[in-house]
Amino acid sequence: MAWQTMYSQLLEERVVFTRLPSGLEVFVMPRPGFQKRYAVFSARYGSIDNRFRRPGTGQELEVPDGIAHFLEHQLFEDEEGHVFNSFAALGASVNAYTSHTMTSYLFSTTDNFEAALDRLLDFVQAPHFTPEGVQKEIGIIEQEIRMYQDQPRHRLGMNLLEALYHAHPVRIDIAGTVESIRRIDPETLYACYDTFYHPSNMAVFVVGDVDPEAVLAQVEADVGPRGYAPRPPVERLYPEEPPGVAQDRVEAVLPAARPLYALGFKDAGAPAGGPAWLRRDVVTSLVLAAALGKSSRLYQELYDADLVDDGFGARYQAGPGYGHSVIGGETRDPDELHRRLMEGLARLAGEGLAEEDLRRVQRQAVGEFVQFFDSLEFIANGFLYYHFLGASLFAYLDQLQEVTVEEANRRLREHFDPDRAAVSIVRPA
Amino acid sequence: MHAQFETMAIDRGFHLHVAPTDKFKTTTIKLVLRRSLRAGEHTRTAVIPFVLRRGTQSLPTVRDIARHLENMYGAGFSVDIGKIGETQNIELFMEVAHDRFLPEKLGLTERALAFLGQVLLTPATEDGVFRREYVAQEAEHLRRRIQSTINHKPQYALKRLREEMCRGEPFGLHKYGDEAELGQVGPGQLYEHYRHLLASSPVDVFVVGPVEPGAVAGWVKEHLALPRGQVEGAIPAVQGPDPQGRPEQVVAEEQPVQQGVLALGYRTGTRYPDDDYPALLVYNGILGGFPHSKLFVNVREKASLAYFASSHLEASKGIMTVVAGIAAEKYPQALAIIREQVAALADGAIADQELEHTRKGLINALLSGRDSPGRIIGGRVVGLINGRVRPVPALIEEIRAVTRDDVVRVAQRVRPDTVYFLRSPAAGAEEEGH
């Protein structure tokens with residue numbers, strides 16, 4: 001089998017990969033000495049993919065909110081019983097998660113790796129949706145949704161996304177709502193499955209003490225005979241998203257200990273993926289760390305004024321058609337925090353970051369990146385996340401070191417635009 | 001290939017445990033000061049690590065420390081209080097990338113130990129004691145942290161369950177102290193308490209990573225020359241017996257929640273150092289430790305009542321908790337199902353498959369733990385506190401040998417203690433607004 005290798009000099013790690021005739025991409029990173037072997041099988045399909053054209057017919061379909069996550073739960077049903085049991089019999093631990101842009105099925109095991117990998121490949125490729133199964137899942141996921149609704153932080157974040165975006169589906173909760181999931185039926189699940197769970201829209205990542213060639217051969221032996229026809233990329237239909245925010249302020253009242261505050265800045269016209277997207281991701285993360293991290297003047301001022309505490313943070317998130325940073329935490333006075341933050345960011349946009357500030361957070365980011373490579377979960381999930389967005393986790397490390405202070409300051413002035421900011425506040429009941 | 005700890009005595013009641021391994025790109029360091037959890041000092045003890053984190057004489061502010069750590073290629077530094085059984089432990093934690101994987105060779109492991117030495121030995125002070133401002137702020141932050149548990153309802157329910165269940169026992173004390181006492185902590189008495197702790201508490205330093213034990217010992221002696229005095233002898237994992245002959249208590253609390261949280265507390269009668277501990281692990285695994293467990297299968301998969309339903313051990317104390325998020329009106333049904341599953345185990349209703357899957361799941365979890373420096377160290381700390389270190393290979397052999405009879409014997413010792421239910425004020429109120 002033809003395979004290629006990518007190598008990181010700094011990390012001293014390599015990834016062996018290939019693309020099978022069905023379009024499935026398979027990646028393996030050998031990590032000798034680790035007990036655990038970890039495999040993830042992912043579809044480029046997340047909660048934002050709620051409108052698309054069906055392959056073949058070209059028919060446009062709009063599906064209920066939360067269906068990608070619902071489908072993820074339902075793949076654990078098979079004809080014999082529950083998928084959990086078959087992994088338990090192998091001593092393997094299986095799980096899955098759905099994000100805005102991907103759905104991932106994974107297991108980790110210290111024994112019976114080959115059998116577990118077969119089982120993973122098999123259950124993800126064998127949907128079994130029934131009216132009874134769907135009914136049962138509605139009860140479980142309703143409780144999952146209500147659990148999140150009781151978390152003030154979850155409400156804070158969801159309200160912020162609804163304020164930042166007019167139409168883009170990133171504003172919709174990944175799990176959907178108690179009402180939307182009641183509209184899900186087996187037929188719609190199958191339509192989504194057939195559209196997004198084709199090998200050409202999926203990838204496998206394996207990491208641990210494994211023989212890469214043996215893993216590639218095993219995946220090919222499983223997927224090859226299933227006779228998938230080649231298929232062009234799925235056509236996803238995202239609504240037109242205006243550059244401005246939908247609302248500049250949203251407030252809620254919930255049982256919470258103290259007020260919660262989140263400030264969002266929305267990108268206009270973010271690249272949908274690829275190297276330009278990665279660069280923006282890297283630069284923005286560095287800007288946030290330098291501007292608002294624990295070593296920044298602004299953080300120290302806010303901390304001394306008792307407006308923020310240890311839980312205060314800032315992060316950037318971007319995908320197809322969306323990009324925003326979220327800044328915030330618990331505070332005694334959300335209005336005062338907002339005023340001081342906006343003032344501080346405006347001051348920073350005027351002064352610009354100093355060369356030394358950027359170098360320090362670059363050093364920090366490089367060191368933290370190396371530390372993450374002791375986590376097999378981080379490697380596999382991080383790699384596929386970036387890969388699905390047309391970027392590479394290894395390239396992330398290179399890009400981190402290349403950013404200049406001019407580039408960081410350009411980004412800082414562009415991103416912290418008060419006209420594209422929204423605030424979400426949750427006040428205690 | 002597997003990290004084995006080598007233990008060295010550094011000073012009176014001060015030990016270094018080094019597990020060298022090339023498998024990790026990171027060196028992980030944890031320093032633990034062990035105390036008995038007791039009213040009267042637990043609030044002051046809780047504040048100390050957070051005040052220490054605020055500054056040293058040469059790095060007097062959070063910002064100075066953050067800059068220092070960023071320049072060490074993003075060295076991780078955190079502090080916390082660990083509560084294991086009825087002990088309250090000050091924990092300082094550091095994580096540094098190995099020089100080999102960085103663009104510059106800075107000797108980060110030694111620098112990390114030197115930094116810890118600075119934090120412990122030369123904290124920022126004024127008038128010879130901790131800075132008043134830092135003490136007041138950090139005590140207030142801890143008070144808020146305790147209160148913020150309410151933002152996460154399952155955690156809040158478990159906290160309330162433990163309080164109700166262990167009222168009057170040291171275990172019932174919060175690891176971050178007493179809310180009222182936190183308002184009264186002053187810098188002078190706190191500093192005095194700190195000097196006393198530093199001299200009298202057993203100290204253990206754990207280092208896991210690509211290091212050479214001899215070199216680490218040299219650095220620890222050089223940078224962590226703690227002023228040792230009369231060190232307290234044994235610090236027991238529990239300070240007294242379980243309460244006897246108490247009827248099961250039921251506690252309900254109302255809040256405007258979307259989802260009710262049911263939490264049950266049991267006294268296991270078996271603890272970490274006991275020979276039956278491996279059987280207790282299997283017992284808990286069969287009941288609610290895995291997705292194949294009785295609680296997950298019966299509460300979630302069969303009855304569709306919950307998204308989460310699981311059981312957890314606090315084996316250093318001898319407590320098991322069960323927690324499930326349910327609709328408020330399903331309380332009687334969920335409670336009945338949970339009690340049935342607990343009773344089934346005591347009656348020996350355990351399928352071969354449940355036993356086998358649970359053994360395998362526990363072994364997988366133990367072996368996987370060897371890939372995590374944090375879990376390697378955590379297992380060692382629990383062993384030291386319980387006076388019985390259980391090396392992973394030995395524990396795995398013991399789990400393999402656990403029989404159904406062993407599980408039933410353990411199950412019959414388990415006693416229900418407290419039922420706690422967090423719910424919305426009126427049934428049906430969760431439908432509001434729809």
**Request:** Report the one residue of B:344, A:188, B:333 whose Cα lies farthest in the direction of the positive end of the charge dipole of the protein assembly as shown (charges on C-beta: Lys and Arg +1, Asp and Glu -1; origin at the Cα centre).
**Result:** B:344
**Request:** Give the order of A:342, B:94 when sorted by the count of other beta carbons within 10 angstrom, beginning with the fewest.
**Result:** A:342, B:94
**Asked** Relative to the longest principal axis of chain A, what angle (0 to 90°, nearest 10) does the C-alpha long axis of helix A:376-388 take?
**Response** 90
**Request:** Pull up all non-local amide H partners of residue B:36: gap of 5 or more, or a different chain, and H-to-H distance under 5 Å with H placed in the peptide plane.
**Result:** B:88
**Message:** Please list 3J(HN,Hα) in residue order for region A:300-306, calculated via the Karplus relation 6.51 cos²θ - 1.76 cosθ + 1.60 where θ = phi - 60°; whole Hz, with x for glycine and proline.
**Reply:** 4, 5, 5, 5, 5, 7, 6
**Asked** Where does each of A:103-109, B:196-202, B:405-411 land if you order them by average Cβ count within 10 Å, highest first?
**Response** A:103-109, B:405-411, B:196-202
**Asked** Quick one: which of A:325-334, A:172-181 comes out on top by average Cβ neighbours within 10 Å, and what's the full order, highest first?
**Response** A:325-334, A:172-181
**Item:** Overall form of region B:96-184 per C-alpha gyration tensor (a/c, 1.5; a/b vs b/c)
**Value:** oblate
**Prompt:** Under a point-charge model restricted to the Cβ atoms of Lys and Arg (+1) and Asp and Glu (-1), what is the dipole moment magnitude of chain B relative to its Cα centre, in debye to the nearest 20?
**Reply:** 340
**Item:** Zone of residue A:14's modelled label, taken as backbone nitrogen in region B:24-62 under 20 Å from a point 7 Å along Cα→Cβ
**Value:** B:24-25
**Asked** Residue by residue through region A:390-398, which ³J(HN,Hα) values in whole Hz follow from phi under the Karplus form 6.51 cos²θ - 1.76 cosθ + 1.60 (θ = phi - 60°), with glycine and proline marked x?
**Response** x, 10, 9, 4, 5, 5, 3, 5, 5
**Request:** Take the alpha-carbon positions of region A:5-146, form their convex hull, and give its projected area averaged over all directions (one quarter of the hull surface) in nm².
**Result:** 11.5
**Request:** Determine the dipole magnitude for chain A: charges of +1 sit on the beta-carbon of Lys and Arg, -1 on that of Asp and Glu, nothing else is charged, the reference point is the Cα centre, and the result goes in debye to the nearest 20.
**Result:** 720
**Request:** Compare the Cα positions of A:30, A:172, B:279 along the charge dipole of the protein assembly as shown (+1 at Cβ of Lys, Arg; -1 at Cβ of Asp, Glu; about the Cα centre) and return the one farthest towards the positive end.
**Result:** B:279
**Item:** Peptide-level mean, for A:137-145, of C-beta atoms on other protein chains within 10 Å
**Value:** 5
**Prompt:** Given the C-alpha centroids of region B:30-47 and region B:361-414, what is the distance between them in whole angstrom?
**Reply:** 26
**Message:** Show me, for region B:382-399, the HN-Hα J-couplings you get by feeding each phi into the Karplus relation (A = 6.51, B = -1.76, C = 1.60, θ = phi - 60°), rounded to Hz, glycine and proline as x.
**Reply:** 4, x, 4, 5, 8, x, 8, 6, 10, x, 3, x, 5, 5, 4, 4, 5, 5
**Asked** By count of other Cβ within 10 Å, fewest leading, how are B:359, A:236 ordered?
**Response** A:236, B:359
**Expected-Rg normalisation [2.2 N^0.38 Å, Cα atoms] applied to the protein assembly as shown** = 0.94
**Request:** Using a/c under 1.5 as the rounded threshold, could you call region A:105-208 rounded, prolate or oblate? The axes a ≥ b ≥ c are square roots of the C-alpha gyration tensor eigenvalues, and prolate needs a/b larger than b/c, oblate otherwise.
**Result:** prolate
**Request:** Working from Cα positions, state the angle (0 to 90°, nearest 10) between the long axis of helix A:355-372 and the longest principal axis of chain A.
**Result:** 30
**Distance between region A:363-423 and region B:234-267 - C-alpha centres, whole angstrom** = 45
**Prompt:** Which shape class applies to region B:38-188: rounded if a/c is under 1.5, otherwise prolate when a/b exceeds b/c and oblate if not, where a ≥ b ≥ c are the square roots of the Cα gyration tensor eigenvalues?
**Reply:** prolate
**Paramagnetic reach from residue A:126 in region A:211-226 [backbone N under 17 Å; point 7 Å along Cα→Cβ]** = A:219, A:221-226
**Message:** To make sure I understand, if each residue's beta carbon is the centre and we count other beta carbons within 10 Å, what order do A:3, B:219 fall in, fewest to most?
**Reply:** A:3, B:219
**Message:** How shielded is A:253-264 by partner chains, expressed as the average number of their Cβ atoms within 10 Å of its Cβ atoms?
**Reply:** 3
**Prompt:** Hey, got a sec? Which trypsin sites (Lys or Arg not before Pro) in region B:41-115 land in a DSSP loop and have at most 12 other Cβ atoms within 10 Å?
**Reply:** B:105
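Could you work out, residue by residue across A:172-180, how many beta carbons of other chains sit within 10 Å of that residue's beta carbon, and then give the average as an integer?
The shielding value for this peptide is 1.
The numbers here are math on the coordinates, done by the rules we state, and not lab data. Small disclaimer: the values here were computed from a predicted structure and weren't measured. Heads up, the Cβs are rebuilt from the backbone with ideal geometry, glycines too, and the neighbour counts pull from every protein chain shown.
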